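The values are calculated or read from the model by the stated rules, or taken from the named source; none is laboratory data. Please read all numbers here as calculations on a predicted model, not as lab measurements. Note that each Cβ is placed from the backbone with ideal geometry, even for glycine, and that neighbours are counted across all protein chains shown. We work out accessible area using only protein heavy atoms, side chains counted, and drop any ligands, DNA or RNA first. Shrake-Rupley method; radii C 1.70, N 1.55, O 1.52, S 1.80 Å.
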Amino acid sequence: MSAPVSPEDTALTYDDLLAAVTDPSGREVLDPATGELVGRVRERTAADLDDAVAAVRAAQPAWAARSDADRVALLHVAADAIEAAAEPLAELLSREQGKPLNGTGARFEVGGCAAWLRATAATPLPGGETVGDPDTPAVLNYRPVGVVGAIGPWNWPMMITIWQIAPALRMGNTVVVKPSEHTPLSVLALLHVLDGVLPADVVRAVAGGREVGAGMAGHPDVDKVMFTGSTATGQAIIRSSADTVKRLTLELGGNDAGIVLPDVDPQAIAEGLFWGAFINTGQTCAALKRLYVHTDVYDAVCSALTEVARAMPMGRGLDEENVLGPLQNRAQYEIVAGLVESARESGARILLGGDPDPQAPGNFYPTTLVADVDDANPLVAQEQFGPALPIIRYTDVEEAIAAANRLDVGLGASVWSSDRDAAREVAGRLEAGTVWINSHGMVHPFIPFGGHKRSGYGLEFGVEGLKAVAVPQIING
């Protein structure tokens, strides 16, 4: 193994970082909070994808030949490098994505990148298990799949890129990353930092549009694709990957339900409900997006949640006091605004928000709580992916369970109760990949995470996440 690079050698200023990833002749990338220019990105083509895939494929045998201890050490070095460049990375992320520096924002995300690399390095390596019986001994091992294509979203662009590449690298794969068209600079900057400490061509980025994503899904020299994003795009990836029978991990859209049982203390759960729904200004696949509250506590929960939400400052991410930011792009803003209007027109009660200033700069939609909304309303039935939460009244828990399960997605769900046993009984009946008790949306690097129904398939995180970027091999005899 080569000598690790000192973190001090990778420290960058914001200007250094931006200069390293921006192209003066490229497409403009604008700040969603102000509309100001952040930088420019060069749009890559299918030919550029071919070049990147060829480079990482050529580098993969040498990377796989390193010992696991060697790769683990380099993941720790990569984490050190991210920490050394944390502030400029967070500033660029805030400017491009819109999320505030503070709270569960840009600094949280960058810190999470380093923490996830370290956790992936600490995860027990799968394999070496003896299976069968004494007369037919066999050993189950896991080999690298080869080249992993990582297609990321715009909501957590840095964090989810690390979720994809960290286990892939740990298991001896090399990676081609295709960032979202909305947040390419953040991902390119992250990989620029990693390039300074990892061997050449272990990870390459190709920033481009749908042509690049479709090309990756069907590329004969990409052995696995990991994708986080919409169900519709996931379905397109499945179709494009069919000819090459490519392995897939798909974390797709959710419309997560939360069920509040009648025994709760509304004041005690209000802040947890708020952050479950409004983390990253609601732009999180596993955020709480429809809340079912028993009629006995409905008014009290609505009141307590409104009180918490009203106190949360929203504004430009670089202003230190803010904890909520704009929607990342105008198309998403229009989706949220349209869904809230559909609820208002149906007679729903707007508890807070729902009144954006059309003259204000940026993509700011106010924190919005909508009560007395019908379960069939589009705001409930469709994933809004923004700062608007519908609150639906129910009278019988069977009714709430049926409503939570009626949609064709099932990424996450939650149950809120003072009785953990009662909550777990309800949780076990919900059709979701993860069900949280008295919280919502928090993930852990050692706990597997994946979806149900049209929210995707395959597991990430922990030992199961390592297995997902490897090929099981039985040595029999």
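Scanning the stretch 359-404 for residues that are open to solvent by 10 Å² or more (accessible area, probe 1.4 Å), among the hydroxyl-bearing types (Ser, Thr, Tyr) and either in a strand (DSSP E or B) or out of contact with any helix residue (DSSP H, G or I) (no Cβ under 8 Å at 6 or more places or on another chain) (or both) yields one hit, 395. Can you tell me how many residues within the stretch 172-202 are closer than 17 Å to residue 58 by Cα and open to solvent by less than 10 Å² (accessible area, probe 1.4 Å)? Residues flagged as closer than 17 Å to residue 58 by Cα and open to solvent by less than 10 Å² (accessible area, probe 1.4 Å) within the stretch 172-202 amount to 7. The C-beta contact set for the stretch 55-70 (first residue closer than 21 Å to residue 206 by Cβ and touching a residue at least 12 places away in the same chain (Cβ under 8 Å), second residue of a type in the set (A, V, I, L, M, F, W, C) and open to solvent by less than 70 Å² (accessible area, probe 1.4 Å), distance under 6 angstrom, 6+ apart or interchain) comprises 56/147; 56/176; 57/147; 59/202; 63/202.
Determine if the stretch 93-107 includes at least one residue that is open to solvent by less than 20 Å² (accessible area, probe 1.4 Å) and either closer than 30 Å to residue 220 by Cβ or among the aromatic types (Phe, Trp, Tyr) (or both).
If we filter the stretch 93-107 for residues that are open to solvent by less than 20 Å² (accessible area, probe 1.4 Å), which is where we start, we get 93-94, 96-101, 105-106.
Narrowing further to those that are either closer than 30 Å to residue 220 by Cβ or among the aromatic types (Phe, Trp, Tyr) (or both): none.
Within the stretch 93-107 (the criterion being open to solvent by less than 20 Å² (accessible area, probe 1.4 Å) and either closer than 30 Å to residue 220 by Cβ or among the aromatic types (Phe, Trp, Tyr) (or both)), the answer is no, since none of the residues qualifies.
Here the stretch 128-153 is the region considered, the condition is being over 21 Å from residue 55 (Cβ atoms) and touching a helix residue (DSSP H, G or I) at 6+ places or on another chain (Cβ under 7 Å), and the residue that is surrounded by the fewest Cβ atoms within 10 Å (Cβ to Cβ) is 142.
Give me a count of the residues in the stretch 44-66 that are of a type outside the set (A, V, I, L, M, F, W, C), surrounded by fewer than 17 Cβ atoms within 10 Å (Cβ to Cβ) and farther than 13 Å from residue 222 by Cα. If you could, list the steps in order and put the result at the bottom.
Of all residues in the stretch 44-66, those of a type outside the set (A, V, I, L, M, F, W, C) come to 44-45, 48, 50-51, 57, 60-61, 66.
Imposing the further condition that a residue be surrounded by fewer than 17 Cβ atoms within 10 Å (Cβ to Cβ) reduces the set to 45, 50-51, 61, 66.
Remaining after also requiring farther than 13 Å from residue 222 by Cα: 45, 61, 66.
Residues flagged as of a type outside the set (A, V, I, L, M, F, W, C), surrounded by fewer than 17 Cβ atoms within 10 Å (Cβ to Cβ) and farther than 13 Å from residue 222 by Cα within the stretch 44-66 amount to 3.
For residues in the stretch 296-320 being open to solvent by less than 50 Å² (accessible area, probe 1.4 Å) and hydroxyl-bearing (Ser, Thr, Tyr), which is nearest to the chain's Cα centre (by Cα)? Only one residue fits best here, namely 306. The set of residues in the stretch 19-36 being surrounded by fewer than 19 Cβ atoms within 10 Å (Cβ to Cβ), in contact (Cβ under 8 Å) with a residue 40 or more places away in the chain and not in a loop (DSSP other than H, G, I, E, B) consists of 20 alone. For first residues located in the stretch 429-444 and within 24 Å of residue 113 (Cα to Cα), partners that are surrounded by 23 or more Cβ atoms within 10 Å (Cβ to Cβ) and of a type in the set (Asp, Glu) and lie 6+ apart or on another chain with Cβ distances below 8 Å form the pairs 440/256; 441/256. Looking at the stretch 424-477 only, could you name the residues that are β-branched (Val, Ile, Thr), open to solvent by less than 70 Å² (accessible area, probe 1.4 Å) and in a strand (DSSP E or B)? Across the stretch 424-477, the qualifying residues are 434, 435, 437, 471.
Here is a list: 244, 306. Which entry is hydroxyl-bearing (Ser, Thr, Tyr) and closer than 28 Å to residue 217 by Cα?
Numbers: 306 fails: closer than 28 Å to residue 217 by Cα.
Unique residue meeting the criteria: 244.
Please verify whether residue 421 is assigned to a loop (DSSP other than H, G, I, E, B), over 22 Å from the mean Cα position of the chain (by Cα) and modelled with pLDDT of 95 or more, treating the condition exactly as stated. No, not satisfied.
Would you check if there is a residue in the stretch 62-81 being of a type in the set (Lys, Arg), in contact with a strand residue (DSSP E or B) (Cβ under 9 Å, 6 or more places away or on another chain) and closer than 30 Å to residue 471 by Cα? Within the stretch 62-81 (the criterion being of a type in the set (Lys, Arg), in contact with a strand residue (DSSP E or B) (Cβ under 9 Å, 6 or more places away or on another chain) and closer than 30 Å to residue 471 by Cα), the answer is no, since none of the residues qualifies.
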